[in-house]
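*Asks:* One structure, as structure tokens, below. Some questions next.
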Amino acid sequence: MTLATLPAIAGALFFFLLKRPGADLSGLVLRAGVLTSVTAVVVLELLSIPSAATRLALVLVWVVVVLALAAVLVLRWRRGGSEIPADAHPRQWWSVVRARAGQVYAYEWVAVVAMAAFALVELILGQVWLPNTQDSMTYHLARLEHWRLNDSIYPYASIIYRQVTYAPGGEYLSFTLRVLGDTIWATPLMQWASALACGIVAYRIARQLGCGRAGRMLAAVLTLTAPALVVQASGTSNDLIAGFFLLGFASLVLEFRDGKGSWWLAAITGITLGMAVLTKSTTIPLAAGFGLWWVWILVRQRLDGVKWAALAAVIVIAISGPYLVVETILWGSPSGPPATNSILIGAHDPITIAMNGTKIMSSELVSADPVETKAVCAATSAIHQLAHRSIYDPNTEFGTNKFLCRYDNDEKYEPNPWQTYLVIGAILALIAVGLAVQRAYAISLVISSVAFVSYISYQPWIARLFLGAILAGCPLIPVAINRLTQKWPSATSLKSAIGGGLAVTVTLSGMTALVASPRALGPAVFKQRPLDTQALPRNPDVAAAVAMIRAAGAQRIGLAGFEETPEFGIWQLLGTAQGRTTIVVLDSAVPGYQSPASETSNLDAVLCVRQKAADCANVLPPGWQTSVTTSPASTSVVALNPRLTKGGSPR
């Protein structure tokens, strides 16, 4: 696990390399995080070309990166006329910390301690609870194990097309930590670090929009206590990673708005946007409003603006281009197979878009309060009735998933009701009475939200996909409070009470999410939990099937399945990730990466996980002993080679 800190060390060195007198520290954190991330992507893509993305190679490259950055930093310090700046000496750190701590207000200490407590709990949960959401089991973590086995991030045979189709930027970063740390427990650190970075960038955006210290701290608290962020910070999805890049892009656009345009700023903005696109495709519409604002700012700067835009565009293409080229070669389209289009809205007339928007918004507004949830659901239904549209209109639904208006305290579905209500109110207030830059930011967020609901159809987990917009809106809340009290001075005396009340309320909301989520903080954290109940909580049939295979002593196992097969859990329970067994994919969903039928003759067992046992008939070798286990989520069929059932040894 120690070597997983190499990227963090590189990030710290980037921070000090960029540091200048009077520099904005939160801006340095943003730039250092972006540069470290893009370094990881470039390293991984280059090493994967010759299938050389091994642990040894990654360790060596990252050691070289760290040593090179350290050498440049020391060289810069010496050229500056001194060996090392006074405040960079370890002896001076404590003095500097004490001096700055004395300048911190009491409410800031309270906020920092509260956020540190959240971060610590999230870190602990990420290290004791195996990340086990369905998406992590099927593709987020499963693709990491394939990459590690292949020493390459490029396509491979898989039963789940999402493993080689969905934007891989977040997994590139998680894979780097997973391989350097040589453990799956390093992977949650990426989401955890991204959560902290989101809070820091939200703090920065609030400052850029005119907030004082109290407002900036409130923006950070609102961001870091968002229930969806809280429950995802200990997991292995990619929404917080994408959220960091989205917030970073918005903050850098604000820098251009402040008249600080330069080649360097254009480059770092292009890198940030490119990383956002590479991490999650749904970030594209969420960045649309800020992108349009950025283009408007650049156009007003005439020739310089055009040059900077061209540079940024080249960088975005350079970062996201290789992935899109591979997808085009593989599927004939940069968007992947036709099945991926099912997430798109089916029609684009204003009524359909509006109805899709109400369903998406209801997913963010439901809460643990049954009265409030019932009111939200009733309002959504009433709006559809007024529009003479079915609430189950297939144009606004993803595949066969029907609209569900309910609260679910789970990493996949967790809504953000308090933050959503407050962001809506802040947007309306700032559009009405905000300063020019505040109004422009609010309108950009509205355009991004409209682009999202015009592009992505409702799905039960849509609140998670929309999280980036909520996080980008959190800084607007203290900005609106500040602006309204400026507009009506008689309310100034209430500003502290309002801000404090909101901070306490959202903190309690975040604590509730921590305590009530499936991977919650509680006595169970300190108890031994069987790996099968952690890895396959929704698929007891698969756990039972794996137990049969292990009992038979099979070492080479053929795997067949469907899109919801919890492949990562299977790898863990069979010991494939540790090299104790080998898995052969029998029915790849990836064109050009099919396993030959003759593979079955060399297998000890076949595991088929599908919706019905009959669906497995085409992959089961004739004459092999079969067993069937079922659960509400799936059906598992195990076929054992006769040499095992007759007491023979596996090959």
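*Asks:* What number goes with the only condition from (1) in a helix (DSSP H, G or I); (2) over 30 Å from Asp410 (Cβ atoms); (3) modelled with pLDDT under 90 that Arg580 does not pass?
*Replies:* Evaluating Arg580 over (1) in a helix (DSSP H, G or I); (2) over 30 Å from Asp410 (Cβ atoms); (3) modelled with pLDDT under 90 leaves (1) as the failure.
*Asks:* Kindly indicate the residue of the range 381-397 that is part of a helix (DSSP H, G or I) and polar (S, T, N, Q) and also most open to solvent (accessible area, probe 1.4 Å) among those meeting that condition.
*Replies:* Step by step, filter the range 381-397, then rank; the result is Gln385.
*Asks:* I'd like the full set of residues that are open to solvent by less than 40 Å² (accessible area, probe 1.4 Å) and over 13 Å from Ser281 (Cβ atoms), limited to the range 339-352.
*Replies:* Ile345, Ala347, Thr352 - these are the residues of the range 339-352 that are open to solvent by less than 40 Å² (accessible area, probe 1.4 Å) and over 13 Å from Ser281 (Cβ atoms).
*Asks:* Could we say that Trp185 is of a type in the set (Phe, Trp, Tyr) and open to solvent by less than 10 Å² (accessible area, probe 1.4 Å) here?
*Replies:* no
*Asks:* Moving on to the next point. Modelled with pLDDT under 95, farther than 22 Å from Ile184 by Cβ and assigned to a helix (DSSP H, G or I), is that true of Leu30?
*Replies:* Criteria not met by Leu30.
*Asks:* Being of a type in the set (Val, Ile, Thr), outside any loop (DSSP other than H, G, I, E, B) and closer than 22 Å to Arg148 by Cα is the filter here; which residues of the range 547-577 pass it?
*Replies:* Matches in the range 547-577: Ile557, Ile570, Thr576.
*Asks:* Give Cys211, Cys198 a once-over and let me know the one that is hydrophobic (A, V, I, L, M, F, W, C) and within 18 Å of the chain's Cα centre (by Cα).
*Replies:* Result: Cys198 is the single residue among Cys211, Cys198 that is hydrophobic (A, V, I, L, M, F, W, C) and within 18 Å of the chain's Cα centre (by Cα).
*Asks:* Moving on. Give the range 427-477 a look and list any residue that's among the hydroxyl-bearing types (Ser, Thr, Tyr) and under 18 Å from Gly291 (Cβ atoms), or say none.
*Replies:* Listed by number, the residues that qualify are Tyr441, Ser444, Ser448, Ser449, Ser454, Tyr455.
*Asks:* Just to be sure I understand the filter: pairs with C-beta atoms under 7 Å, separated by 6 or more residues or on different chains, first member in the range 614-642 and open to solvent by 50 Å² or more (accessible area, probe 1.4 Å), second member at pLDDT 90 or above and among the hydroxyl-bearing types (Ser, Thr, Tyr). Which pairs pass?
*Replies:* As it stands, the answer is Val628/Thr635, since those pairs meet every condition given.
*Asks:* Just checking, how many residues over the range 110-133 are within 18 Å of Ser194 (Cβ to Cβ), in contact with a helix residue (DSSP H, G or I) (Cβ under 9 Å, 6 or more places away or on another chain) and in a helix (DSSP H, G or I)?
*Replies:* The total comes to 10.
*Asks:* Going residue by residue through the range 37-54, is there one that turns out to be assigned to a helix (DSSP H, G or I), within 21 Å of the chain's Cα centre (by Cα) and without any contact (Cβ under 8 Å) to a residue 60 or more places away in the chain?
*Replies:* yes
*Asks:* Mind checking whether some residue in the range 197-204 is touching a Gly at 6+ places or on another chain (Cβ under 6 Å), within 15 Å of Leu30 (Cβ to Cβ), of a type in the set (Val, Ile, Thr) and in a helix (DSSP H, G or I)?
*Replies:* yes
*Asks:* For Ser595, all conditions in the list (1) under 24 Å from Pro337 (Cβ atoms); (2) open to solvent by 10 Å² or more (accessible area, probe 1.4 Å); (3) of a type outside the set (Lys, Arg); (4) at pLDDT 90 or above hold save one; what is the number of the exception?
*Replies:* That leaves (4) as the condition not met.
*Asks:* Have a look at Ile200, Ile153, Ile124 and point out the one that is open to solvent by less than 20 Å² (accessible area, probe 1.4 Å) and either among the β-branched types (Val, Ile, Thr) or farther than 27 Å from Arg538 by Cα (or both).
*Replies:* None of the others qualify; the one that does is Ile153.
*Asks:* Would you mention how many residues in the range 46-83 are in contact with a helix residue (DSSP H, G or I) (Cβ under 6 Å, 6 or more places away or on another chain) and closer than 17 Å to Ile319 by Cβ?
*Replies:* Summing the residues that are in contact with a helix residue (DSSP H, G or I) (Cβ under 6 Å, 6 or more places away or on another chain) and closer than 17 Å to Ile319 by Cβ in the range 46-83 gives 1.
*Asks:* Which residue pairs have Cβ atoms closer than 6 Å, lie 6 or more positions apart in sequence or on different chains, and pair a first residue in the range 5-21 that is without any contact (Cβ under 8 Å) to a residue 24 or more places away in the chain with a second residue that is surrounded by 20 or more Cβ atoms within 10 Å (Cβ to Cβ) and not basic (Lys, Arg)?
*Replies:* Close Cβ pairs satisfying both conditions: Phe15/Ala32.
*Asks:* Now for a separate question. Restricting the first residue to the range 61-75 and requiring it to be closer than 14 Å to Thr36 by Cβ and β-branched (Val, Ile, Thr), which pairs with a second residue that is open to solvent by 30 Å² or more (accessible area, probe 1.4 Å) and assigned to a helix (DSSP H, G or I) meet a Cβ separation below 6 Å and a spacing of at least six or different chains?
*Replies:* Short answer, once both residue conditions are applied: Val66/Ile9.
*Asks:* So Tyr455 ticks every box in (1) more than 26 Å from Pro475 (Cβ to Cβ); (2) open to solvent by 20 Å² or more (accessible area, probe 1.4 Å) but one. Which box is left unticked?
*Replies:* (1)
*Asks:* Here is a follow-up. Filter the range 418-436 down to residues that are touching a residue at least 60 places away in the same chain (Cβ under 8 Å) and in a helix (DSSP H, G or I) and give me whichever is farthest from Ala480 (Cα to Cα).
*Replies:* Out of the qualifying residues, it is Trp418.
*Asks:* Would you tally the residues in the range 292-338 being open to solvent by less than 50 Å² (accessible area, probe 1.4 Å), without any contact (Cβ under 8 Å) to a residue 24 or more places away in the chain and within 22 Å of the chain's Cα centre (by Cα)?
*Replies:* 1
*Asks:* Within the range 351-362, is there a residue that is touching a Cys at 6+ places or on another chain (Cβ under 7 Å), assigned to a loop (DSSP other than H, G, I, E, B) and touching a residue at least 24 places away in the same chain (Cβ under 8 Å)?
*Replies:* No, because not a single residue in the range 351-362 is touching a Cys at 6+ places or on another chain (Cβ under 7 Å), assigned to a loop (DSSP other than H, G, I, E, B) and touching a residue at least 24 places away in the same chain (Cβ under 8 Å).
Rundown of residues vs (1) out of contact with any Asp or Glu (no Cβ under 9 Å at 6 or more places or on another chain); (2) modelled with pLDDT of 90 or more; (3) in a helix (DSSP H, G or I), yes/no style:
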residue	(1), (2), (3)
Pro334	no, no, no
Thr373	yes, yes, yes
Ala379	yes, yes, yes
Gly399	yes, no, no
Leu404	yes, no, no
Gln438	yes, yes, yes
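*Asks:* Let me ask another. Could you please find all residues in the range 418-451 being closer than 14 Å to Ala206 by Cα and within 22 Å of the chain's Cα centre (by Cα)?
*Replies:* Val423
*Asks:* Let me ask you something else. From the list Trp62, Trp147, which residue is at pLDDT 85 or above and in contact with a Pro (Cβ under 8 Å, 6 or more places away or on another chain)?
*Replies:* Trp62
*Asks:* Looking at the range 495-532, which of the residues that are modelled with pLDDT of 70 or more and open to solvent by 80 Å² or more (accessible area, probe 1.4 Å) is nearest to Ala633 (Cα to Cα)?
*Replies:* Within the range 495-532, the match that is nearest to Ala633 (Cα to Cα) is Val515.
*Asks:* Here's something else I'd like to know. Return the residues of the range 7-35 that are open to solvent by 20 Å² or more (accessible area, probe 1.4 Å) and within 17 Å of Val179 (Cα to Cα); say none if nothing qualifies.
*Replies:* Within the range 7-35, Ala8, Ile9 qualify.
*Asks:* Still on this structure, I have one more. Condition check: of a type in the set (Gly, Ala, Ser), touching a helix residue (DSSP H, G or I) at 6+ places or on another chain (Cβ under 9 Å) and open to solvent by less than 10 Å² (accessible area, probe 1.4 Å). Does Ala206 satisfy that?
*Replies:* So Ala206 fits the description; yes.
*Asks:* Between Ala86, Ala23, which is small (Gly, Ala, Ser), within 28 Å of Val316 (Cα to Cα), modelled with pLDDT under 90 and out of contact with any Leu (no Cβ under 9 Å at 6 or more places or on another chain)?
*Replies:* Criteria check complete, one pass: Ala23.
The values are calculated or read from the model by the stated rules, or taken from the named source; none is laboratory data. Keep in mind that this is a model prediction, so the values were computed, not measured. Counting neighbours? That spans all protein chains shown, and the Cβs are built from the backbone with ideal geometry, glycine included. The area values use the complete protein model at the heavy-atom level, side chains included, leaving out ligands, DNA and RNA. Shrake-Rupley method; radii C 1.70, N 1.55, O 1.52, S 1.80 Å.
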